[in-house]
Protein chains: 2
Amino acid sequence: MAGRLSTTPPTGVAGENPAVRWRAWALDLDGVIWRGRRTIPGAPEAVARLRRRGDRVVFVTNNSARTPVQVVETLAAHRVTAGVDEVVTSSLAAATLIRPGETVLVVGGPGVRAAVAGAGAEVVDAVALARAGTRRAPTCDAVVVGITPDFDYAVLTLALGAVDAGARLIATNDDPTFPVADGIAPGNGALVAAVERATGRRAVVAGKPHEAMAVLVRAALGAPPAGEPATSGSEATTPIPGAVMVGDRPDTDGLFARRAGLAFALVLSGVTTASDLPVEPQPDVVAADLAGVVESAVGDHAGDP
Amino acid sequence: MAGRLSTTPPTGVAGENPAVRWRAWALDLDGVIWRGRRTIPGAPEAVARLRRRGDRVVFVTNNSARTPVQVVETLAAHRVTAGVDEVVTSSLAAATLIRPGETVLVVGGPGVRAAVAGAGAEVVDAVALARAGTRRAPTCDAVVVGITPDFDYAVLTLALGAVDAGARLIATNDDPTFPVADGIAPGNGALVAAVERATGRRAVVAGKPHEAMAVLVRAALGAPPAGEPATSGSEATTPIPGAVMVGDRPDTDGLFARRAGLAFALVLSGVTTASDLPVEPQPDVVAADLAGVVESAVGDHAGDP
């Protein structure tokens, strides 16, 4: 399970394994650290191995529902130690699109509300408003849509009214589905699609593979904060030497890595399987799981202190 | 209010008013007979005038929520007499895409459930199922999505599961919004967009301006039922001589008229105003309201028995 499967042709010296230079790690959560409620074997030990070496580690998730503190608690339950400032969520990315003092209608969970409040904005909770029978939201500067099981027609009506009255439309992420214990569940992309269709507007999406998340992750990995903005196109931005994104989805994690200037290590412990290969964008390394990627980077090549 | 505003250049003899030949009428409801709860002035009298002349009248609505009996009752409340067999709804159109004996997950109101049951299918009520806490629908042949204020994340999850397991995805209609007393509300198009995004499938849409509705309305207006199928493209099918669609939306009613082989009379008593003119498809007649269209057809030109 933990072996390195393959690498693409190295970008440096012929025959070189690109992983040996990685010292800054952006780790996706679902499909990399856990899958549903199950810890992916070897993942906690792999993270610990990187920490022993003094590598920088950042946890990156498109799940907007949890606050960073809740993500840290969930990581701890999977035997992974993390600091709150090592967690980057799509809610935090969405909050960078909000200005202090703005009034924001939030369709979403605690993670979105906390992030928007943390940006200095006034939060109007669409779910609470709808439950109270309110059909029309107060005037808002923006609507932020994140995944919530409380999404319903009344909430959609409030979002439509706010956007129709001039509010900007922001989505934490646009994943169409996400994996659950017994299959897949509708993702935030589905909720955003409903709001977009009703309003006739396109949402600005914050999470992977989009720009707001790229800016946050680059900063968390120690890249120069200014002067090298992530692009919103598909071209790579200025690469961060020695930085890698580890994820299970080429269409989000891989595209995100390219846009944020990171190498991309694809793991087959999530939604992508060996039968899906080859994939685009082309990964720098493909491994069975995080343990395999870390072994490739740390193992025999660089020594393991 | 009731005057005829203009006609496009006549298609027959130079100077001829095309309306004088209309003897079969497909009438949109919202924006033609009523607007919200208000009866549009002159509309009941205009319908009565057509009936006195012996014209064929069919009422055509994309609103899937009501059964034909409920539509007849609503028309009666607006002082318009109609028979149940004179009502064509998008639910009835959707039901033509269902085969007897099929099992159908219905996301929608009484109109959809009644129409699907009327097609000889077994109805599985997604809202009732979700309210009972069921997260996975039984195996279904099709999912039919129609507007319902009970739409929520649990219902969306059931629809995703059914389509993911192989069910066909059918939408009664895809209007993004519909008018309500204090503005606009999310239309079925928004609910369908959520299901489409989650499932990655495109729904077959039944209502105006799509094919299933065109087939039903042509039949109701007395066109040959076979041999001249409505097209799904934008080209006109074989025209029905003397038949007209009266509606307030060029993008649904006008396009529908062209596809179903009907003339198109645009009324300005709904969402389209004089400042929106000219519109595409080009109407054969533009009038302030239904009374104006009927006056144009019946008035001085043809005599009024």
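Remarks
- Both chains summed, the buried accessible area for B and A stands near 2300 Å², from protein heavy atoms and a 1.4 Å probe.
- In this rough spin-label picture, where each label sits 7 Å from Cα along the Cβ direction, the residue A:181-residue B:77 distance is 4.5 nm.
- Taking 7 Å steps out from each Cα toward its Cβ at residue B:48 and residue B:132 produces label points 4.8 nm apart.
- Range of Cα positions in the stretch B:97-205 per principal axis (Å), largest first: 41, 27, 27
- When nucleic acids and ligands are ignored and a 1.4 Å probe is applied, residue A:113 ends up with an accessible area of around 80 Å².
- Per-copy distances of the residue A:54 label point, shortest first, in nm (7 angstrom along Cα→Cβ): 10.0
- Label point 7 Å beyond Cα along the C-beta direction, distances from residue A:38 to other copies (nm, shortest first): 6.2
- The stretch A:73-105-the stretch B:27-95 distance, computed between alpha-carbon centres (Å): 53 Å
- FRET E, pair residue B:16, residue B:202, Förster distance 41 Å, beta-carbon r, rounded to 0.05: 0.45
- Across the identical copies, how the residue A:278 labels are spaced - nm, sorted shortest first, 7 Å along Cα→Cβ: 5.3
- Debye log10 I(q)/I(0) at q = 0.05, 0.07, 0.09 Å⁻¹ for the protein assembly as shown, Cα point scatterers: -0.29, -0.53, -0.78
- q = 0.13, 0.22 Å⁻¹, the stretch A:156-290: log10 I(q)/I(0) [Debye, one scatterer per Cα]: -0.65, -1.23
- Measuring spread by the Cα atoms of the stretch B:140-202 yields a radius of gyration and Dmax of 12.0, 40 Å.
- The stretch B:97-205 - accessible surface per residue (Å², probe 1.4 Å): 37 Å²
- Each DSSP beta bridge with both residues in chain A is either parallel or antiparallel, and the antiparallel ones are about 20%.
- Taking N as its residue count, the alpha carbon Rg of chain B over 2.2 N^0.38 Å: 1.01
- For the protein assembly as shown, DSSP calls about 20 percent of its internal beta bridges antiparallel.
- Accessible-area composition of the protein assembly as shown, carbon plus sulfur, in percent [1.4 Å probe]: 54 percent
The values are calculated or read from the model by the stated rules, or taken from the named source; none is laboratory data. Here the structure is a predicted model, which is why all the values come from computation and not from measurement. A quick note on method: Cβ atoms are made from the backbone with ideal geometry, for glycine too, and the neighbour counts reach across all protein chains shown. Just so you know, the surface numbers come from the protein's heavy atoms only, side chains and all, with ligands and any DNA or RNA stripped out. Shrake-Rupley method; radii C 1.70, N 1.55, O 1.52, S 1.80 Å.
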